[in-house]
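Student: For reference, the structure I am asking about is given below.
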Amino acid sequence: MNFLNPFVLIGLAAAAIPILLHLLNLRKTQTVEFSTLYFLKELKKSTIRTIKIKQWILLLLRTLLVIFAVLSFSQPIYNGTIPFLSTLQSNRSIIVLVDNTSSTVHSSNSGTLFSAMKNDIRNVVETMSESDELTFIPFVSSSTYQFSSNKQQLLEEITALTPSIASATISDAFQKIIALMAAAKHPSNSVIYVLSDNQTAPFEQLLIDSLEYQIPVQSIFYKSYSPTSINDEPNCSIDTIQFKTTLFRSGKPIELEMIVSNTSTKEIKTTVFCQFGTVVVGQQQITLQAKSSQRIPFSVNSTENGIVPVKGFLDNDSYEPDNTFFTSIRLNGKPNVLLIGSESKTQFVKNALQLPGGVLTTIRSIASTEIGNESFSGIQTVFIIDQLESIQPSFLTQLSEKGIGVFLFADASLETLQKFGQQFGATIPSEQSGNPFLQFTNSDRRHPLFRGVFKEDTKGMVESPKIYSAFPSQGGIPIIEIQGGAFLSEYRIGQSKILYCAVPASIKQSSFPLLSLFPVVLTRSVSYLSQSEGIGILKEGGVPITIEIPTSYKESSITLNDPNGLQTKVTPYSLPSKTAIQVTPLWQLGTYSILSNDKNPITSFSVNIPTNERKSISSSNENIVSLLQKLLPKNNVENLQNSKLNEKSLSKAQSKTELWQFFLTLALLCAFTELIVASQFREVAE
C-alpha cells in the first residue's frame, strides 16, 4: 500500500486524545446526592455494567474515527484489486513510450518488431475503461501529445504510426512525459510503459550527459521486443563506402571499398552491388562469417560528369534499411585552366599540362595586364607564373570567392611574395640558397597529389631536383619540404585551395621543370585544385542539416535537388567566416545536390540511417532496465521481459484501488454510531 499524502499520517497521533480524555475522566471524583438509602438500592448492578461497556464502545468509536479520517486524507493506494472493493478501482492515466527508430523494422517469422509493439499498444487501448486516458509518445517525433479516452481515435493513431529514419531523442520524450503528467486526470494511478528493441545508445547518451529525471509515477514498465532468436535471422549491412581514389575524373578509374558486416550468428552468402548514377557498375558475391566484417573492393570507370550519386546495396534480408548506403562524388570533365604570366615563363607549364596521358585541359594564357578584362567564367584553375609585381595580392581573394583554385610560383622579390603570403596565411621569412644546391628533405606521399603515384602510400623521399635558391614557406600543409620550410605547400582561402611552389617555373633557380616530377605535380594539381569537395558530405536523416557553400553564392537563392528530382529554393545565409544553408530535417534516404541559379552543381550530401541503427540488437533487456533505473533513480522500473501485454498482465501491472473513499466511509460510520451510542449513554446516566 502506498500513500499519496504520507505526511498526513502524522495525524494518527490524534487517536490518543480520546484515550487520554477517558483516563482523565476515570480520575475525577463525582458527588452523588441522595436522601435515603432507597435510591442506592434502586441502582442495579446490571446498569453499572452497561454504562461501563458503552464508555469503552465510545472510546473505541472515537479512536477509530480519528484513525479512519487520517487514513482517508492520506489517500492510500493499493497496488492491485480487492474483490469486495472493485467499485473503488482507480481510473488510469497511461503513457506508452514507443521505440519507432529504424532498427524496429527487424523482421522474423512472427513479423517485424515494430508491428509487435503496435499490437501491444492496441491491447493496452482495449483494456481501457471509459474514464481511463492514454497517449503514446514515439522516440522520434516533434509533435505534442495529449491524453485521450477515445478508443477509436487512439486505434487510428496507432495504425498511422510508422518507423523513422532518425536517431532517438529520449531526452525530448522524457520532457514530454513530465509535461503530460502535469495534465493527467488520474495522477494517483498513472503508469508508463517503455517499449523498445534493446538498443542502448539512446539511453547511454543521457548518462553521458549526466541527466536524471523526476517523473511523478510509482512504476515504469519496460517491455523488450528483441527475442533471443533475433540475431539468428540473416542480416548483413553496408556500414560505409570509402574511396581509395582522391582525384576524380570522368573516364578515369575510381577505386572504392564497401565495408560489409554480418550481424547475425550464422554464415551468410549475399551479393554486393555498386551503382553509379542509375547504372549498376559492379557486383560481387561474398560469404561472410558470423559476427564479422569484410572490405569489398570495386574499380569503376564512369563517364558521367558533375555530381554522381553512388549507392551500395545488398540482397534483401531480415533488416532492409541497413542494406543500402548512399554517398556521392563529383566527377569533373575537361577542366579549364588559365595561365597568367609572360609567354616565355608560361611555356614550361603549358608543355607539362599538354603531355600525352595527362589531364585533358583547355588552356589559355594571358599577361598580368589583361586580368581586368578577364571574367574568369568557366575557369577552374589559375596558374600565376610570374609578373607578380603588377598583380594586387587581393586578386587571390577574388579568385577564391569564385571557387577557383590557384597554383602560385615564387617568381618575384621577397617583399612581393611576403605580401601575397599574407593573403593566404603563409610566412616566407627569407630566400634560401644552397651550397652547392638544396634538396628535398621530406615529402608526404599520402597527400592527394601523390596518392596512387608511388608504390608505397607513406611518407618518404621523392626524386629531388637541384635547387640553387628558393623562397620556402612556413605554415599551411607541407607537401614537399626543403631546408628552411616547404618547397610545395597547400593553403586555403575560403572554399578554394592554393598550392605554393618555392621556385619559379624556369631552370634559372632549379632543375625542377626538367624532372618527370614536374608534369606529375602540375597535371595532378589541375585535378586537385579544380575539384571542389570530390566526396559528398554524409548526414543522418531526421535532423537539421547545415551545409557550407562557396561565399560567391551568399547573395543569391540556390536550389536543393532531392533524390527524386524534386527541387526546392533555399536562401543561403552569411556568417563572418562562411556562407551556408540550413536544411530542415530530411526523411528520405539518398543523395541531395545543391545547384546554382544557372543549375550548375555546387555541392552534394547524402542522407543515411544513423550508424547506431546498423548495429546488432542485444537479446537481453537487463541493460536497458539498468539504464532506466539510473536515469530515473526515484522511480520503480520493472522488467516485463518478453511477456505479451495481454489483458491479464496489464490488469496486474496497472490495477490500483483508491482506499480513501473506503476509509472516509468507515470514519462517517464511526461518527454516526458514536452519536447514537452517546445519546443512549446520556439516557442511562440520567
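The values are calculated or read from the model by the stated rules, or taken from the named source; none is laboratory data. Remember, it's a predicted structure, so these values are computed and weren't measured experimentally. Cβ coordinates were reconstructed from backbone atoms using ideal geometry, including for glycine residues, and neighbour counts include every protein chain displayed.
Residue-wise test of (1) small (Gly, Ala, Ser); (2) more than 16 Å from residue 93 (Cβ to Cβ).
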residue	(1), (2)
150	no, no
161	no, yes
166	yes, yes
172	no, yes
176	no, no
182	yes, no
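Student: Which one is farthest from residue 333 (Cα to Cα) among residues in segment 573-593 that are assigned to a strand (DSSP E or B) and modelled with pLDDT of 90 or more?
Tutor: 590
Student: Now, a different point. Going by the conditions given, is residue 304 within 20 Å of residue 107 (Cα to Cα), surrounded by fewer than 20 Cβ atoms within 10 Å (Cβ to Cβ) and without any contact (Cβ under 8 Å) to a residue 60 or more places away in the chain?
Tutor: no
Student: Inspect all residues belonging to segment 92-110 and state whether any of them is at pLDDT below 75 and over 18 Å from residue 225 (Cα atoms).
Tutor: Checked against the condition, which is being at pLDDT below 75 and over 18 Å from residue 225 (Cα atoms), segment 92-110 yields no hits at all.
Student: Being within 26 Å of residue 549 (Cα to Cα) and part of a strand (DSSP E or B) is the filter here, so list the residues in segment 480-531 that pass it.
Tutor: 489, 490, 491, 492, 493, 496, 497, 498, 499, 500
Student: Would you say residue 510 is surrounded by 21 or more Cβ atoms within 10 Å (Cβ to Cβ), among the small types (Gly, Ala, Ser), out of contact with any Asp or Glu (no Cβ under 6 Å at 6 or more places or on another chain) and within 30 Å of residue 574 (Cβ to Cβ)?
Tutor: no
Student: Please find, within segment 111-139, the residue that is modelled with the highest pLDDT out of those that are outside any helix (DSSP H, G or I) and of a type in the set (S, T, N, Q).
Tutor: Among them, the one singled out is 135.
Student: Please pick out the residue among 380, 387, 347 that is assigned by TED's automatic domain parsing to the domain that holds residue 491, within 20 Å of residue 522 (Cα to Cα) and either among the acidic types (Asp, Glu) or without any contact (Cβ under 8 Å) to a residue 12 or more places away in the chain (or both).
Tutor: 347
Student: Continuing with this model, one more query. Out of all the residues in segment 532-555, is one or more assigned by TED's automatic domain parsing to the domain that holds residue 432, modelled with pLDDT under 90, assigned to a loop (DSSP other than H, G, I, E, B) and more than 27 Å from residue 310 (Cα to Cα)?
Tutor: Checked segment 532-555: no residue is assigned by TED's automatic domain parsing to the domain that holds residue 432, modelled with pLDDT under 90, assigned to a loop (DSSP other than H, G, I, E, B) and more than 27 Å from residue 310 (Cα to Cα).
Student: Return the residues of segment 140-160 that are within 26 Å of the chain's Cα centre (by Cα), assigned to a loop (DSSP other than H, G, I, E, B) and not hydroxyl-bearing (Ser, Thr, Tyr); say none if nothing qualifies.
Tutor: Within segment 140-160, 140, 146 qualify.
Student: Could you please tell me which pairs satisfy a Cβ distance under 6 Å, a separation of 6+ or placement on different chains, a first residue in segment 111-131 that is over 15 Å from residue 223 (Cβ atoms), and a second residue that is modelled with pLDDT under 90 and part of a loop (DSSP other than H, G, I, E, B)?
Tutor: Filtered contacts from segment 111-131: 131/91.
Student: Return a yes/no flag: does segment 307-316 have any residue that is charged (D, E, K, R) and within 30 Å of residue 369 (Cβ to Cβ).
Tutor: The answer is no; no qualifying residue exists.
Student: Kindly establish whether residue 20 is modelled with pLDDT of 70 or more, loosely packed, with under 11 Cβ neighbours inside 10 Å and not assigned by TED's automatic domain parsing to the domain that holds residue 165.
Tutor: Yes: the conditions hold for residue 20.
Student: State which residue is surrounded by the fewest Cβ atoms within 10 Å (Cβ to Cβ) when the search covers only segment 142-172 and only residues that are small (Gly, Ala, Ser) and modelled with pLDDT of 85 or more.
Tutor: Out of the qualifying residues, it is 160.
Student: I'd like to know if segment 178-192 contains one or more residues that are buried (at least 18 other Cβ atoms within 10 Å of the Cβ) and out of contact with any Ser or Thr (no Cβ under 9 Å at 6 or more places or on another chain).
Tutor: no
Student: Does residue 522 count as at pLDDT 90 or above and not assigned by TED's automatic domain parsing to the domain that holds residue 396?
Tutor: In short, no.
Student: What's the total number of residues in segment 594-611 that are within 14 Å of residue 325 (Cβ to Cβ) and in a loop (DSSP other than H, G, I, E, B)?
Tutor: 2
Student: Then there is this: For residue 526, indicate whether it is more than 13 Å from residue 410 (Cβ to Cβ), β-branched (Val, Ile, Thr) and surrounded by fewer than 20 Cβ atoms within 10 Å (Cβ to Cβ).
Tutor: no
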